[in-house]
Amino acid sequence: MLVAQVCPYSLSPVGGVQEQVMVLTRALRRSGHDVVIIAPCDGPPPVGGVRSVGRSVGVGANGSVSPVALWPTGSGRTVRELDLLACRGLDVVHIHEPLTPSVSTAALGWSGAPKVGTFHRSGASGPYRLAARAARRAVAGLGGSFAVSAEAASTAAAVFGFDCPILPNGIDLDVFSGASPGAPQGDDLPVVLFLGRHERRKGLPVLLEAFDQLERQGFRGQLWVAGDGPLTGRLQARFSHLRRVVWLGRVGARQKVRVLQSADVLCAPSLGGESFGIVLAEAMAAGTTVVASDIAGYRSVARSAAEAVLVPPGRADLLADALDAVTKSPSLRRELADAGLRRAKSLSIELLAAEYVRAYESAALAWRG
């Protein structure tokens with residue numbers, strides 16, 4: 001099949017939705033399908049087969065900042081690329097976050113081929129509900145609508161009034177099994193890793209407060225902080241007294257795998273707004289123990305005391321206790337990591353790609369009929 005993957009967010013830098021688009025594209029291509037990605041880019045495309053529709057601008061949404069192509073040319077370029085693909089016999093358009101302007105909404109309104117949509121968002125703001133009301137008929141015309149988690153499905157149901165089947169995000173297991181550890185390590189002491197954007201929603205201040213408590217209690221492990229964001233400078237200044245925090249900065253795809261495999265514990269202390277915890281799934285695929293916030297989006301990936309230790313969000317004291325318990329017990333880490341790896345295998349991108357191919361074929365069949 002000839003498939004257009006439409007992503008409204010810039011592929012540089014990569015975020016959760018963008019990563020999912022690229023991983024799914026790789027899996028579809030391995031299965032013999034011809035896949036083109038239509039998305040904004042703020043630099044050279046990170047993968048081949050990308051049709052850039054222009055640069056992005058950061059827009060605050062859902063407690064984060066999303067790199068969206070709001071320029072008027074973005075919609076026009078999206079339509080033009082779809083028209084060109086239609087001349088090649090385009091079979092289906094897969095739109096991620098169909099209500100995000102302007103790339104996804106332009107694809108949603110285009111009528112040259114069957115379309116399916118995937119909803120990633122958790123939580124519906126006022127503007128989102130207004131956009132949903134305006135696009136209700138176009139969304140109803142999708143040949144298939146899916147959500148990445150129960151939280152995302154609940155959001156879609158609240159604004160559109162229909163139920164979306166859940167197809168959880170997938171991970172490329174081969175990427176994690178084939179890499180070797182290679183992050184900076186000063187000794188054999190336990191390493192806790194934070195991997196994400198430095199913004200309030202991701203909970204990094206809570207983790208640093210918890211680590212401060214652990215250091216005062218004599219904890220001798222390290223905390224690796226990967227990524228960057230609007231809080232980076234302030235947090236580095238506020239917690240400059242912490243002796244065992246290593247600020248890794250932004251990491252690329254390959255380095256991300258290496259640091260995940262090198263860490264003992266991945267800590268995801270998000271406060272909310274997460275529809276699916278792909279970073280948890282990636283850590284589990286890398287064989288790393290997970291300690292995370294007990295929020296709906298993360299519960300869709302890992303069960304507390306089974307594949308991960310989940311603690312109430314925003315509680316630095318309880319997070320410190322959980323990290324202390326896990327880092328002191330190799331047997332507990334091994335038990336959680338083994339269960340996590342089994343869970344990660346159920347989230348294989350190959351399984352997800354096969355589900356979407358069936359959805360594409362169904363949409364194409366209905367379109368022709």
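The values are calculated or read from the model by the stated rules, or taken from the named source; none is laboratory data. All figures in this text were calculated on a predicted structure; none of them were measured in a lab. Note: ideal-geometry Cβ built from the backbone for every residue, glycine included; neighbour counts use all protein chains shown.
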Mind checking which residues of the range 243-270 are in a helix (DSSP H, G or I) and of a type in the set (Gly, Ala, Ser)?
Ala253, Ser262
Among the numbered criteria (1) under 20 Å from Val265 (Cα atoms); (2) surrounded by fewer than 16 Cβ atoms within 10 Å (Cβ to Cβ); (3) touching a residue at least 24 places away in the same chain (Cβ under 8 Å), which one does Leu193 miss?
(2)
Regarding the range 70-91, can at least one residue be identified that is modelled with pLDDT under 90, touching a helix residue (DSSP H, G or I) at 6+ places or on another chain (Cβ under 7 Å), surrounded by 16 or more Cβ atoms within 10 Å (Cβ to Cβ) and more than 15 Å from Cys7 (Cα to Cα)?
no
Within the range 90-119, residues among the small types (Gly, Ala, Ser), outside any helix (DSSP H, G or I) and more than 19 Å from Ser362 (Cα to Cα) come out as Ser102
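Okay, residues lined up against (1) part of a loop (DSSP other than H, G, I, E, B); (2) crowded, with 19+ Cβ neighbours inside 10 Å; (3) at pLDDT below 95; (4) assigned by TED's automatic domain parsing to the domain that holds Arg299:
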{"position": "Val309", "(1), (2), (3), (4)": "no, yes, no, yes"}
{"position": "Gly314", "(1), (2), (3), (4)": "yes, no, no, yes"}
{"position": "Asp317", "(1), (2), (3), (4)": "no, no, no, yes"}
{"position": "Ala320", "(1), (2), (3), (4)": "no, yes, no, yes"}
{"position": "Asp324", "(1), (2), (3), (4)": "no, no, no, yes"}
{"position": "Leu336", "(1), (2), (3), (4)": "no, yes, no, yes"}
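Sort through Arg254, Arg234, Arg258, Arg250 and tell me the only one that's surrounded by fewer than 24 Cβ atoms within 10 Å (Cβ to Cβ), of a type outside the set (S, T, N, Q), farther than 25 Å from Asp321 by Cβ and at pLDDT 95 or above.
On the way: Arg254 fails: at pLDDT 95 or above; Arg258 fails: at pLDDT 95 or above; Arg250 fails: at pLDDT 95 or above.
The unique qualifying residue is Arg234.
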Note on the range 1-21: residues assigned to a helix (DSSP H, G or I), at pLDDT below 95 and among the aliphatic types (A, V, I, L, M) are Val17
Determine if the range 123-143 includes at least one residue that is within 19 Å of Met22 (Cβ to Cβ) and either at pLDDT 90 or above or not in a loop (DSSP other than H, G, I, E, B) (or both).
no
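Is it the case that some residue within the range 160-167 is surrounded by 17 or more Cβ atoms within 10 Å (Cβ to Cβ) and modelled with pLDDT of 95 or more? Reasoning before the result, please.
Filtering the range 160-167 for residues surrounded by 17 or more Cβ atoms within 10 Å (Cβ to Cβ) gives 160, 164, 167.
Filter once more, so that each one left must be modelled with pLDDT of 95 or more: 167.
Yes: the range 160-167 contains one or more residues that are surrounded by 17 or more Cβ atoms within 10 Å (Cβ to Cβ) and modelled with pLDDT of 95 or more.
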Cross-chain or 6+ apart pairs with Cβ under 7 Å, the range 314-326 first and over 15 Å from Gln222 (Cα atoms), then in a helix (DSSP H, G or I) and of a type in the set (D, E, K, R)
Ala316/Glu209
